[in-house]
Amino acid sequence: MKPIEELRVLLGADALLEAPQDMAPFLTDWRGRYTGRACAVALPRSTAQVAQAVQWCARHAMAVVPQGGNTGLVGGATPDASGRALVLSTRRLRGIRALDTANDSITVEAGCVLQQVQRAAEERERLFPLSLAAQGSCTIGGNLATNAGGTQVLRYGNARELTLGLEVVLADGTVWDGLRALRKDNTGYDLKQLFIGSEGTLGVITAACLRLFPLPRARVVCLLACDTVADSIALLNLARAHAGPALTAFELMSAACLRLVDAQAATVRPRFAHEPAWTVLLEWSEPADAAHAQQACEALCAAAVQCGAARDAILATSLADARALWELRESIPSAQSRSGGNVKHDISLPLGALVDFVRDAEAALAGLSAQLQALVFGHLGDGNLHFNVGVRAGLPAEQAFAHESAINDIVYRAVARCGGSVSAEHGLGQLRTALAHSLKSAPELALLRAVKMALDPHARMNPGKVV
């Protein structure tokens with residue numbers, strides 16, 4: 001029996017794609033930047049079938065490329081060009097195994113779409129706070145493999161902080177059942193953390209036990225106008241002092257980003273009397289008292305204007321208004337894509353270094369070409385900026401890509417000087433692995449390689465990524 005026929009028998013004919021036209025959607029990344037080859041695409045329906053597929057790969061010296069919703073931006077779930085890989089899609093692992101309101105936890109399989117998990121929690125009066133633009137198509141397995149963040153990290157943390165336990169198929173096909181719904185387990189190494197953020201290079205996440213929270217009853221969303229990045233940081237500190245844990249989101253948007261939304265998206269946005277250089281979207285949420293939340297947020301806005309951290313504020317007065325303000329923020333990535341795209345950077349910086357970074361990077365870009373324009377937005381509350389670079393209005397977007405290498409050099413050198421990270425939430429994938437290695441110390445690289453060798457000694461799990 002040929003090896004591929006053996007796999008077909010193990011999984012079932014309908015769980016194995018071999019025709020080029022059937023495999024094509026799984027072999028190219030979401031941005032269309034990377035395309036690879038594979039011997040087949042496996043669509044297992046259970047953890048046992050995932051284990052069988054990984055064991056088959058081990059027997060036949062094939063690589064395994066785990067893939068969730070294939071919504072990543074760095075080529076992390078795309079195979080290389082060798083054709084010596086099995087793409088292992090977890091899309092059919094969609095079960096919600098348990099939801100425990102007493103323990104505030106939910107156990108789900110890796111192929112569950114993020115929005116499905118959010119809705120399951122809401123039906124039981126709970127919140128699963130991970131929130132991303134791709135939440136209608138990205139999967140929990142992919143979210144955990146990339147340690148996804150999103151808009152509410154400021155209050156709830158990223159995927160790493162939201163995970164209580166994991167079930168993982170290891171490189172030899174062994175299943176590790178670590179689905180413990182415990183908040184305290186001080187019995188040695190926290191093994192689940194090895195797999196979160198590993199981008200499928202150490203094993204295949206097949207299920208997870210996740211933290212839930214009380215469903216907020218009161219949500220207040222507002223926009224604030226700031227003159228400088230320094231003002232926005234002062235506003236963040238003021239908001240933390242006023243709101244404490246009620247401060248759920250703090251998003252920064254440059255004027256250039258919002259002008260692009262005006263030009264490319266159908267969003268009709270509320271406007272300040274004078275267009276600010278920087279706009280902050282702030283969300284305040286509480287478990288119960290809507291009136292208190294509204295009054296407290298109004299007091300915060302008044303204090304911000306009085307102390308000069310903000311020039312003006314616009315508060316949502318209804319749920320529809322709040323959604324419209326969030327739509328403004330969430331329209332930025334699609335507006336950038338519609339404009340022809342730009343050179344993207346997903347970076348993380350200490351807040352104390354952020355002002356210097358933006359000033360120095362923008363000055364260096366201006367020195368490179370007067371046609372370039374920084375398009376800056378992101379989760380300021382946790383230091384994560386999407387520092388993208390496009391061209392000024394009316395110019396062909398392709399002109400930015402002509403300077404891509406020099407732009408990357410400017411941005412990443414500035415990130416390194418500020419003690420930041422070249423990837424905040426998108427992962428390394430194929431795009432940034434070599435770059436990340438160039439910035440890490442020898443001891444750190446040695447530790448990464450030691451972990452990889454311990455768990456995947458034959459380097460078959462998602463080769464070419466992370467390590």
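Once the Cα atoms are used to define both axes, helix 47-59 deviates from the longest principal axis of the chain by about 60 degrees. Cut-off under 19 Å on the C-alpha distance; same-chain residues fewer than 8 positions from K184 excluded. Which lysines are left, in chain and number order? Partners found: K192. Please work out whether the range 341-424 counts as rounded, prolate or oblate from its C-alpha gyration tensor, where a ≥ b ≥ c are the square roots of the eigenvalues and a/c under 1.5 means rounded, while otherwise a/b larger than b/c means prolate and anything else oblate? Because a/c hits 1.5 or more and a/b exceeds b/c, the range 341-424 counts as prolate. What the phi angles of the range 244-256 give under the Karplus curve with 6.51, -1.76 and 1.60, with θ = phi - 60°, is a coupling list of x, x, 6, 6, 9, 8, 8, 10, 10, 9, 7, 4, 4 Hz, glycine and proline written as x. Normalised by the number of residues in the range 357-432, the mean separation of alpha-carbon contacts (under 8 Å, six or more apart) gives a relative contact order of 25 percent. Looking at the range 26-140 alone, DSSP beta bridges between its own residues are antiparallel in about 45 percent of cases.
The ranking of T151, T47 by Cβ neighbour count inside 10 Å, starting from the fewest, reads T47, T151. Projecting label points 7 angstrom from Cα along Cα→Cβ for L439 and N103 puts them 3.8 nm apart. Counting beta carbons within 10 Å around each of F272, F195 and listing the fewest first gives the order F272, F195. The phi torsions of the range 452-467, fed into the Karplus equation with coefficients 6.51, -1.76 and 1.60 and a -60° offset, translate into couplings of 4, 5, 5, 9, 9, x, 9, 6, 9, 8, 6, x, x, 10, 6, 10 Hz, rounded to whole numbers, with Gly and Pro shown as x. Of the residues T433, I196, A454, the one whose Cα sits farthest towards the positive end of the charge dipole of the chain is A454 (charges of +1 on Lys and Arg Cβ, -1 on Asp and Glu Cβ, taken about the Cα centre). For the chain, which longest stretch is free of loop sites, where a loop site is one of the GluC sites (Glu not before Pro) that DSSP puts outside H, G, I, E and B and that has at most 14 other Cβ atoms within 10 Å? Here the longest segment lacking exposed loop sites spans 162-467. Computed over the range 1-120, relative contact order equals 25 percent, with contacts defined as Cα pairs under 8 Å that lie 6+ residues apart. For the range 3-89, a Kirkwood radius taken over Cα pairs fed into Stokes-Einstein (25 °C, viscosity 0.890 mPa s) yields D = 192 µm²/s.
Remark: the A393-A416 segment gains 5.3 nm on full extension, using 0.36 nm per residue and subtracting the alpha carbon distance. With 0.36 nm allotted per residue and the present C-alpha distance subtracted, the H60-Q295 stretch has 78.1 nm of extension available.
Ranking A302, A324, V268 by how far each Cα lies toward the positive end of the dipole of the range 218-333 (charges on Cβ) leaves V268 at the top.
Measuring nothing but how far apart in sequence close Cα pairs (under 8 Å, 6+ apart) lie, relative to its length, the chain scores a relative contact order of 15 percent.
Each Lys and Arg adds +1 at its Cβ and each Asp and Glu adds -1 at its Cβ; summed about the Cα centre, the range 3-89 shows a dipole of about 200 debye.
Note on the range 393-467: with charges restricted to the Cβ of Lys and Arg (+1) and Asp and Glu (-1), its dipole about the Cα centre is near 320 debye. Taking packing as the residue-averaged number of other Cβ atoms within 10 angstrom, the listed peptides 92-105, 173-186 run from highest to lowest as 92-105, 173-186. In order along the range 15-26, the Karplus-derived 3J(HN,Hα) couplings, from 6.51 cos²θ - 1.76 cosθ + 1.60 at θ = phi - 60°, round to 9, 9, 9, 10, 5, x, 5, 6, 7, 3, x, 8 Hz, and Gly and Pro are given as x.
Only Cα sites of the chain enter the Debye sum here, all with the same form factor; the resulting log10 I(q)/I(0) across q = 0.06, 0.08, 0.11 1/Å is -0.28, -0.50, -0.94, listed in q order.
Each Lys and Arg Cβ is given +1 and each Asp and Glu Cβ -1; about its Cα centre, the chain then shows a dipole of about 720 debye. Projecting the Cα atoms of M23, A374, T151 onto the charge dipole of the chain (Cβ charges, centred on the Cα centre) puts M23 farthest toward the positive pole.
Where a number appears in this text, it was derived from the coordinates with a stated rule and is not lab data. This one's a predicted model, so the numbers in the text were calculated from it and none came from an experiment. When we count neighbours, we look across all protein chains shown, and the Cβ atoms used for this are built from the backbone with ideal geometry, even at glycine.
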